[in-house]
Amino acid sequence: MPKTILLTGSQGFVGSYLCEQLLARGYHVIGVDDYSKYGKIARPHDDHENFTLYQEDVVGIEKTRLKQYERFDEVDIIIANAAMVGGVSYCNDHAYEILQRNNDITASTFALAIDLRARSRLQRIVVISSGMVYEATDCIPTPEDDISPPPPSMYGFQKLTCEYFCKAALSQHDLPYTIIRPANVVGVGEDDMIGGDVINSGNVKLMMSHVLPDFVTKMLSGQYPLHILGSGDQVRCYTNGKDIARGIIMAMESPEAINQAFNISTSQMTTVWQLAEAVWKALDISKPLKIVHDESYKYDIMMLVPDTKKAKDVLGFEAEVSLEESIHEVIDYVKRARP
């Protein structure tokens, strides 16, 4: 079994879930992160004896050969997780930056992987893509082989580009890969990003992250009526970060997952309106929920529902954490983080 994992974006939202589970399973984890999203925040895995962090930009990491390149010679698997990512507002307002920056991150990660594959012991690269590659499909639930036509948003298109890096590197450099397409990840450790635009949603600043912490923040702030983007009929599959990390590791460890793509997601479909109702109920707010619909963004998919059959059949993966559990986790986290 591979023992040393290079994880880019180790200090981020999904990265911290991955670190916790990888370390618990006995892996040595080398993290690379520049703290560009949330700033320098503490993570539970920081002081683990089997964790090493290089605080640096992933872009250009393949050019360190002349000085400290040997630090990666013992890596068995790279998990390419680092990316510039935000909620729907950020992805719409920073389209060029997301495309350019994430392509640079992808290119540097693959350059490193190709070199390590050729001269060291690297076995595989695991690429964290996104369910957003399905944003143009009308096949619901969406299986892994239905990624046509290409996604219209720059974020979705760039995630699809990552997958073509996998295919090209396999073809030319014999670099095996596994592609993971997570659904809407929810859980703890997701904070407001630094350097994001200030966008008000009613009388509360719209969080640049995602809808669940945004709802919790608004409700705890006493916003009434509650402001939501669009009709509220958008359908998502909100999947806890613990399940996402577990599914990624199951695919990483499986020989059957080599050169394959997997949807890692719950199969439970929830509308944004239903999510708001569930958070309202969990907070035990006495008055009835009332909603104001703010204008939605251009790229806001109405149905994002990955088909989970392949992950179940090949990997034995099924999501275990309920949406109710996730909501209570996020409520507790946001309460602790509030000033």
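The values are calculated or read from the model by the stated rules, or taken from the named source; none is laboratory data. This is a predicted model, so every value here is computed, not measured. For neighbour counting, all protein chains shown are included, and Cβ atoms are generated from backbone atoms with ideal geometry for every residue, glycine included.
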**Report entry** Cross-chain or 6+ apart pairs with Cβ under 7 Å, the range 48-68 first and within 21 Å of Asp104 (Cα to Cα), then modelled with pLDDT under 95 and aromatic (Phe, Trp, Tyr)
**Finding:** Gln55/Tyr35
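The rows are residues; the columns are (1) assigned to a loop (DSSP other than H, G, I, E, B); (2) surrounded by fewer than 19 Cβ atoms within 10 Å (Cβ to Cβ).
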position	(1), (2)
Phe262	no, no
Thr266	yes, no
Trp273	no, yes
Ile285	yes, yes
Asp313	no, yes
Phe317	yes, no
Val321	yes, no
Val330	no, no
Query raised in the report: Mind checking which residues of the range 279-313 are more than 17 Å from Arg236 (Cα to Cα), out of contact with any strand residue (DSSP E or B) (no Cβ under 7 Å at 6 or more places or on another chain) and among the hydrophobic types (A, V, I, L, M, F, W, C)?
Result: Trp280, Ala282, Leu283, Ile285
**Report entry** Residue among Ile285, Ile264, Ile291 that alone is touching a residue at least 40 places away in the same chain (Cβ under 8 Å) and under 28 Å from Leu7 (Cβ atoms)
**Finding:** Ile264
Query raised in the report: Quick check: is even one residue across the range 225-239 at pLDDT 95 or above, in contact with a Pro (Cβ under 8 Å, 6 or more places away or on another chain) and either more than 30 Å from Ala95 (Cβ to Cβ) or among the aliphatic types (A, V, I, L, M) (or both)?
Result: no
Report summary line: When the range 1-54 is checked residue by residue, the ones that are among the aromatic types (Phe, Trp, Tyr) and part of a strand (DSSP E or B) are Phe51, Tyr54
Query raised in the report: Of all residues in the range 171-188 being in a loop (DSSP other than H, G, I, E, B) and closer than 21 Å to Lys159 by Cβ, which is modelled with the lowest pLDDT?
Result: Ala183
Report summary line: Taking the range 287-307 and keeping residues part of a loop (DSSP other than H, G, I, E, B), out of contact with any helix residue (DSSP H, G or I) (no Cβ under 9 Å at 6 or more places or on another chain), of a type in the set (D, E, K, R) and modelled with pLDDT under 95 leaves Glu295
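With the structure loaded, tell me whether Val321 is modelled with pLDDT under 95 and of a type in the set (Val, Ile, Thr) or whether it fails that test. Before the answer, list the steps.
Numbers: modelled with pLDDT under 95: no; of a type in the set (Val, Ile, Thr): yes.
Considered against the rule, which asks whether it is modelled with pLDDT under 95 and of a type in the set (Val, Ile, Thr), Val321 comes out as no.
For the range 113-167, which residues satisfy the criterion of being β-branched (Val, Ile, Thr) and in contact (Cβ under 8 Å) with a residue 40 or more places away in the chain? Steps first, please.
So the first thing to find is which residues in the range 113-167 are β-branched (Val, Ile, Thr), and the list is 114, 125-128, 133, 137, 140, 142, 147, 161.
Scanning the range 113-167 gives Ile114, Ile125, Val126, Val127, Ile128, Val133, Ile140, Thr142, Thr161.
Give the number of residues within the range 232-247 that are surrounded by fewer than 23 Cβ atoms within 10 Å (Cβ to Cβ) and within 14 Å of the chain's Cα centre (by Cα). Step through it out loud before you land on a result.
Going residue by residue through the range 232-247, those that are surrounded by fewer than 23 Cβ atoms within 10 Å (Cβ to Cβ) are 232-235, 237, 242, 246.
Okay, now just the ones that are also within 14 Å of the chain's Cα centre (by Cα), so 237, 242, 246.
Qualifying residue count, the range 232-247: 3.
Looking at the range 75-91, which of its residues are part of a loop (DSSP other than H, G, I, E, B), under 15 Å from the mean Cα position of the chain (by Cα) and modelled with pLDDT of 95 or more?
Of the residues in the range 75-91, the ones part of a loop (DSSP other than H, G, I, E, B) are 75-76, 81-87.
Still in the running and under 15 Å from the mean Cα position of the chain (by Cα): 81-87.
Answer for the range 75-91, where residues must be part of a loop (DSSP other than H, G, I, E, B), under 15 Å from the mean Cα position of the chain (by Cα) and modelled with pLDDT of 95 or more: Asn81, Ala82.
Output the residue which, of all residues in the range 101-148 that are farther than 30 Å from Glu74 by Cα and of a type in the set (S, T, N, Q), is modelled with the lowest pLDDT. Outline the logic, then answer.
If we filter the range 101-148 for residues that are farther than 30 Å from Glu74 by Cα, which is where we start, we get 131-148.
Next, from what is left, pick out any that are of a type in the set (S, T, N, Q): 137, 142, 148.
Numbers: Thr137: 92, Thr142: 96, Ser148: 81.
Ranking the candidates gives Ser148 first.
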